[in-house]
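One structure is given here, and the rest of the page talks about it.
The values are calculated or read from the model by the stated rules, or taken from the named source; none is laboratory data. Model, not experiment: these values are computed from the prediction. Please note: Cβ atoms are built from the backbone with ideal geometry, for glycine as well, and neighbour counts cover all protein chains shown. These accessible areas exclude ligands, DNA and RNA; they are computed on the full protein's heavy atoms, side chains included. Shrake-Rupley method; radii C 1.70, N 1.55, O 1.52, S 1.80 Å.
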Amino acid sequence: MNLLLGPLFFLIWRIFDFLVIFLSQKVIPYLGFFPYSDQLPGFNLLSWVSALANFDGLHYISIARSGYAQYEQAFFPLYPMLIKFLTPLFFNNQLLTGLIISNVSFFIGITILARSYKDGNWLLIFLLAFPTSFFFGAVYTEGLFFLLLIFALYFLKKEKYLLVVVFSFLASLTRLVGVFLIIPMIFHFINKNKKPIIYYLSSIISPILGLGIYCLYLWQTTGDPLFFLTSQPIFGANRSSHLIILPHVYWRYFKIFITAAHDSRYFVSLIEFLMFNFVFVVLILDLFKIIKLKINELMNYELRITNYNQLGLNIFSFANLILPTLTGTFSSIPRYSLFSISFFIYLSQIKNVVIKYSIIGIFLILHILLLGYFTQGYFIS
């Protein structure tokens, strides 16, 4: 990949999103019914910039300012900690600091990602056009976690295991799904069975250790080491604190489609449902590419894995997609899908250019709609 294309794609994506936000303020009525929304003007930024802190973004700023309030433990600690410590460098403006952390992190992340894969240009186009890619540049953990995830995978590929330990540890302090980095690690080490066992143990333990430290903190401060999970229902979206299997989630959504009024929430549910299934099907297709089934003359079945590293990334992508549904909903799946990297890799390898452009066109239409409504205060993911 041309080294200039990464920065160029990032610049186009950033300008495009700000233009969408600016125009959305002219045509979409403002709703803004979310906690701390009245604090946005106090950051003295243009409204089409500060809108990128809507909803969860203001919770991260609140944590950075004052520590965890009741139930905010649902938000993992690394991102607000960085906002807190870096804010003095950026005019003591937490919202501006959060935006800088997210955008710089994402810029570095996509640069590394694109250089790591053969179809890096297409990979970036699909990722940036994706309907919810704007969260990478918002005051959310998406940009930071993306950087940590890509660094962990990159250094795993390069066999720089000390750096793998560092970045996977930090990733699991940023988002719960970071703990599933043990999956690509395990499959990587299957092909590296001559490495000393210290490489296995230190790498695999590191994401578990990151989550464990946060659980220990929660145990000491709330008495519940899993409070990041049990506090989820407080934030709405019909989440449950106990595990619900996927068929039950489908049943819930079928009932919504049959019985619910056709308001904005109905169409958000429809988008959640469709996007989950699209990503899920693509990941299955990707899995079929990696695992080959052969039947010999004696009708014996033989499974052959073409690439263990790709298989590990595919299963990680599945885990990232399925984990949120265990709370009983597809809510925020359009946003969580951003880290199912195998999904984007598979799309970038499609041979038919017409199919590629058709998918990108649909992505962009949804991107404009979701970004416009999100920045005008409507919950979309």
Over 11 Å apart: what share of the alpha carbon pairs of the range 105-150 falls there, rounded to a whole percent? 64 percent
Compute the angle between helix 308-322 and the longest alpha-carbon principal axis of the chain, please, reported from 0 to 90 degrees and rounded to the nearest 10. 40 degrees
How would you rank 201-212, 368-379, highest first, on the average number of other Cβ atoms within 10 Å across their residues? 368-379, 201-212
Starting with the highest mean, order 258-270, 36-48, 274-286, 118-130 by the number of other Cβ atoms within 10 Å, averaged over the residues of each peptide. 118-130, 274-286, 36-48, 258-270
Which pairs, out of Lys192/Lys289; Lys26/Lys118; Lys26/Lys351; Lys160/Lys292; Lys84/Lys192; Lys157/Lys289, put more than 32 Å between their alpha-carbon atoms? Lys26/Lys118; Lys26/Lys351; Lys84/Lys192
The summed charge of the Thr327 Cβ neighbourhood (under 15 Å; Lys/Arg +1, Asp/Glu -1) stands at +3
Heads up, I need the accessible area for Tyr154: 1.4 angstrom probe, whole protein in place, Å², nearest 10. 70 Å²
Rounded to the nearest 10 degrees, the helix 56-66 long axis (Cα) sits at an angle to the longest Cα principal axis of the chain of 70 degrees
Express in Å², to the nearest 10, the accessible area of Ile350 obtained by rolling a 1.4 Å probe over the protein heavy atoms while all chains stay in place. 30 Å²
Which whole-number percent of Cα pairs in the range 38-85 have a distance greater than 13 Å? 55 percent
In square angstrom, what is the accessible area per residue of the chain with a 1.4 angstrom probe? 47 Å²
Rel. contact order, % - alpha carbon contacts under 8 angstrom, at least six apart, the chain: 22 percent
